[in-house]
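K.L.:
Okay, here's the structure, questions in a sec.
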Amino acid sequence: MKALRKFVDKIKPHFEKGGKFEAFHSTFEAFETFLFVPDKVTTSGSHIRDPLDMKRTMIVVVVSLIPALLFGMWNIGYQHFLALGEQVSLWQAFWFGFVKMLPIIVVSYGVGLGIEFLFAQLRGHEVNEGFLVTGFLIPLIVPVDIPLWMLALAVAFAVIIGKEVFGGTGMNIFNPALTARAFLFFAYPAWMSGDQVWVAGLKHGLQTVDGFSGATPLAEAAAGKIDQLPSVWHMVLGTIPGSIGETSVLAILLGAFILIYTGIGSWKIMLSAFSGGLLMGLILNLFAVNPYMEIPAWEQLFLGGFAFGMVFMATDPVTSSQTETGKWIYGFLVGIMAILIRVLNPAYPEGVMLAILLMNVFAPLIDHYVVEANIKRRLKRTKVSIQ
Amino acid sequence: MARDSEPLFSSKNLKLLTDPLNNENPITVQVLGICSALAITVKLKPAIVMTLSVMVVLAVSNVVISALRKSIPPRIRIIVQLVVIATMVILVDQFLKAFAYDVSKQLSVFVGLIITNCIIMGRLEAFAMANKPWPSFLDGIGNASGYGIILIIVAFFRELLGSGTLLGYPVLEKTGLYNIGYENNGLMILPPMALITIGIIIWVQRAKNRSLIEE
C-alpha cells in the first residue's frame, strides 16, 4: 500500500498544472481518489468534511449488490443446465454464469466509463464516480443473452442522454441504469421480453428438455397461468428465470440490509415502496376480475424485479425525493404505480422500471410541495406566537 | 408593383434565405412547429413532401399577404391571414390527394394541420405584414427550408436506424449488416426519439454556434 502511495505521489506532479500530462489531470485525479481517500482540506470557514465522499458511498452500494450478482451468476448456469436437463455441481453452474456475465460487465463499465472520462476531459472537470454503481446495476437488470453491442448502445445512450446532457452525476432526472434498460426495452423488445431471452442459449436455439418453459413467473402470471407459478420459496431464493440480478429476493434483502445499516439507502423509501406495492396488490385482490389480480398481494412483491427495483433503484439519492416527508410519498407512489402498471397494462409485462422512471419525474415536484408546506407551517407558527 | 431599387438577390435578401437555416431556425432556435416535426418524421418521404407543402403554403401566403398588407384592416388581419393560409392548404391537400395519394394518406391530418403551424402565422405576422412581396417570398422559402432541413435530418436518422431503409430503399439490408446480428432500433420509430433527435441537433448546433446559447 505504501509503495503504491509513493508511486502515485511520484507521478502526481506530471498531472498538475504545467506538468507534461496536464491534459489528463481529471483522469489521474479519478484514479488517485479511487485508490486513496482524498487529502483535501477546506481552507476557510468552518466546514465539516466527511471522509465518506461520493466514491466511498458508491463502493458501499457496489458491495451491497455483490450478493445479487453472485447469485445471478450461479442462477444463469443453473437455469441453463436445467433447460438442458443436466445435473451439474454448484461450481460448474457458477463458472458457466461467470463466463456469460463477465463480457456484460466489461462492456457496461468499458463503454460507460469511457464516455465519462471523455466528457470529464472535454469539460475539464473531475471524473464523476456516479457510473461505478450504474455500470454495476446495468448488467444485473438485463437478460443474460442480450447482444453486447445493444448493451453498449444502451449504456452510451443512458450516460449521454440520461446524464451528461443534464450536467453529469448528480444532475440527472432519470436513474441512468433504468434509462439504459428502458432504451433496450423499447428499442429491441425481441431481446428484452418474451419466453426465450431469460435463459442462456434459448434464443440461439438451445435444445431443451420437454416441458421446460423459459418464461418468467411474471409472464406466466400475466398469461393467467397462476397454477404454474413456482412456489414462494423458489421466488424468495431466486431459482427462477429472470433478469440476471433480480430473481433472488434473499440476496436483495442482504443488500438492502447493508444499505440500511450503513445509512446509504433510505429505509423510508424501501419501506413505503413495499407498503405501496402491498396496498395496490390488496386493492387489486378486492376487484380480482382475472386470475392475475387474484395473486396474493404479498406474493406480488416477490415477483419480477419489484424487490430489486425498490431496494437499489428507487433509493437512488439523485433521482428520488430529497426531503424526508417526500421520501415517504415518493416511495409509496413508486410501489403503487409498479403494481398498477404491471397488472393492468398488458403491453408492459413489468411495471417497476416504468414506475420508478415516472416517479423520478415527479420527485422534484413532491419535494417542492413538502418544502412549501413546511414554510407555510412555520410562518403560521410565528404569527401565532407574535399575537 | 413598384420596381425594387435594390437587386433581386442583394445581400440583405440573401440573408432572408440563409438566416432561417441556422441562426434563426424556426425549429431549433425559435422552437416552433415542433408537433409536425415529431409526427411525420418516421420516414423520409413524408418529411420531404411535408417540407415542400409547407414551402408552397408559406411562400405563396407570404406573397399574398404582403401584396395586400396596405389594404388589410389591422383589426381583422388574423382572419384575413387565416383565410389565405387555409385556401393554400386546401389547394396543397387536394393536389397531394390527386397526384401523390399514398403520401397524402401517410401524412393524413398533418397536411390540414399546416394551417395551425405556428411558423406560418408567425412569418405572416412578423414579416409579410411589414415587407414587400419579393423579400416576403424569399423569407417564406427560407423559413420553410429551415423547417424542412431539420425535418429531413430527423427523418433521415429515424428511417435509417428505425426501419433500415431510406426513401423505402433497404439500405442496411444491402450492406449485409443484418447478417452479423444488427437489428433495427424500435425506439427510433416511437415519437420520443424524434424529440431526442431534435434535442441532439440543438445540442450540436449550439456547440458550433456559441452565440445561440442563452444565459
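K.L.:
Given the peptides A:251-263, B:42-54, arrange them by the average over their residues of other C-beta atoms within 10 Å, most packed first.
P.N.:
B:42-54, A:251-263
K.L.:
May I pose another question? Could you compute the net charge surrounding A:Leu218? Neighbours are other residues with a C-beta less than 14 Å from the C-beta of A:Leu218; K and R count +1, D and E count -1. Could you put the intermediate results ahead of the total?
P.N.:
Working: positive: A:Lys225, A:Arg342; negative: A:Asp195, A:Glu220, A:Glu246, A:Glu299, A:Glu350.
Taking every Cβ under 14 Å from that of A:Leu218, the sum is -3.
K.L.:
So, one more: What net charge do the residues around A:Lys203 carry, taking every other residue with its C-beta under 14 Å from that of A:Lys203, with Lys and Arg at +1 and Asp and Glu at -1?
P.N.:
Net charge around A:Lys203: -2.
K.L.:
Same structure again: Label A:Asp227 and B:Lys132 with points 7 Å out from Cα along Cα→Cβ: what is the distance between them in nm?
P.N.:
Placing both labels 7 Å along Cα→Cβ, they lie 8.7 nm apart.
K.L.:
Under 12 Å from the Cα of B:Lys43, which aspartates and glutamates turn up, not counting those fewer than eight places away in the same chain?
P.N.:
Once the sequence-local aspartates and glutamates are set aside, what remains near B:Lys43 is B:Glu159.
K.L.:
If you don't mind, there's one more thing I want to ask. With respect to the cross-link table entries A:Lys203/A:Lys225; B:Lys97/B:Lys132; A:Lys100/A:Lys163; B:Lys97/B:Lys174, which display a Cα-Cα separation exceeding 26 Å?
P.N.:
Distance filter (> 26 Å) returns B:Lys97/B:Lys132; A:Lys100/A:Lys163; B:Lys97/B:Lys174.
K.L.:
Short version: ³J(HN,Hα) in whole Hz for each residue of the stretch A:271-281, in order, from phi by Karplus 6.51 cos²θ - 1.76 cosθ + 1.60 (θ = phi - 60°), x for Gly and Pro, what are they?
P.N.:
4, 5, 5, 5, 6, x, x, 5, 4, 5, x
K.L.:
Choose one answer from B:Asp93, B:Asp102, B:Asp139: the residue with the largest mean-square fluctuation in a GNM of chain B with alpha-carbon springs under 10 Å.
P.N.:
Maximum among the listed residues: B:Asp102.
K.L.:
Can you give me the long-range amide H partners of B:Leu166? Hydrogens built in the peptide plane at 1.01 Å from N, cutoff under 5 Å, separation of 5 or more residues or another chain.
P.N.:
B:Val171
K.L.:
Let me ask something else about it. From other protein chains only, count the Cβ atoms within 10 Å of every residue's Cβ in B:170-182, then give the mean.
P.N.:
1
K.L.:
Here's something else I'd like to know. Using helices alone, I'd like the mean residue ellipticity at 222 nm for chain A: each DSSP H run of four-plus residues gives -39500 (n - 2.57), total over residue count, nearest 500.
P.N.:
-20500 deg cm²/dmol
K.L.:
While we're on this one: For the stretch A:326-387 and the stretch B:120-159, write down the distance between their C-alpha centroids in whole Å.
P.N.:
So the two Cα centres are separated by 43 Å.
K.L.:
Same structure, new question: Determine the order of A:Glu294, A:Glu126, A:Glu350 by accessible area, beginning with the largest, at a probe radius of 1.4 Å. Can you show the working numbers first?
P.N.:
Working: A:Glu294 115, A:Glu126 90, A:Glu350 35 Å².
Sorted by accessible area, descending: A:Glu294, A:Glu126, A:Glu350.
K.L.:
Can you tell me which of A:Asn345, A:Asn374, A:Asn175 moves the most in a GNM of chain A? Springs connect C-alpha atoms under 10 Å apart.
P.N.:
Greatest mean-square fluctuation among the candidates belongs to A:Asn374.
K.L.:
Something else: Between the alpha-carbon centers of the stretch B:52-68 and the stretch A:88-163, tell me the distance in whole angstrom.
P.N.:
Cα centres, the stretch B:52-68 to the stretch A:88-163: 53 Å.
K.L.:
Another question about this same structure. In a GNM of chain A with a 10 Å cut-off on Cα contacts, which of A:Leu271, A:Leu140, A:Leu151 has the highest mean-square fluctuation?
P.N.:
Answer for the Gaussian network model of chain A: A:Leu271.
K.L.:
Once you compute Rg and the Kirkwood Rh from C-alpha atoms, what is the Rg to Rh ratio for the stretch B:1-135?
P.N.:
The Rg/Rh ratio comes out at 0.98.
K.L.:
Now a separate question. Label A:Val88 and B:Tyr182 with points 7 Å out from Cα along Cα→Cβ: what is the distance between them in nm?
P.N.:
Result: 3.4 nm between the two label points.
K.L.:
Where the centroid of each part is defined by its Cα atoms, how far is the stretch B:9-25 from the stretch A:248-291 in Å?
P.N.:
One Cα centre to the other: 59 Å.
K.L.:
Lysines within cross-link reach of A:Lys2: Cα-Cα under 27 Å, excluding same-chain residues under 8 positions apart?
P.N.:
Excluding near neighbours in sequence, the set is A:Lys10, A:Lys12, A:Lys17, A:Lys20, A:Lys40, A:Lys55.
K.L.:
In Å², rounded to the nearest 100, what is the total accessible surface buried by chains A and B against each other with a 1.4 Å probe?
P.N.:
Using a 1.4 Å probe on protein heavy atoms, the buried area is about 900 Å².
The values are calculated or read from the model by the stated rules, or taken from the named source; none is laboratory data. All values derive from a computational prediction rather than experimental measurement. A quick note on method: Cβ atoms are made from the backbone with ideal geometry, for glycine too, and the neighbour counts reach across all protein chains shown. Surface areas here come from the heavy atoms of the whole protein model, side chains and all, with no ligands, DNA or RNA. Shrake-Rupley method; radii C 1.70, N 1.55, O 1.52, S 1.80 Å.
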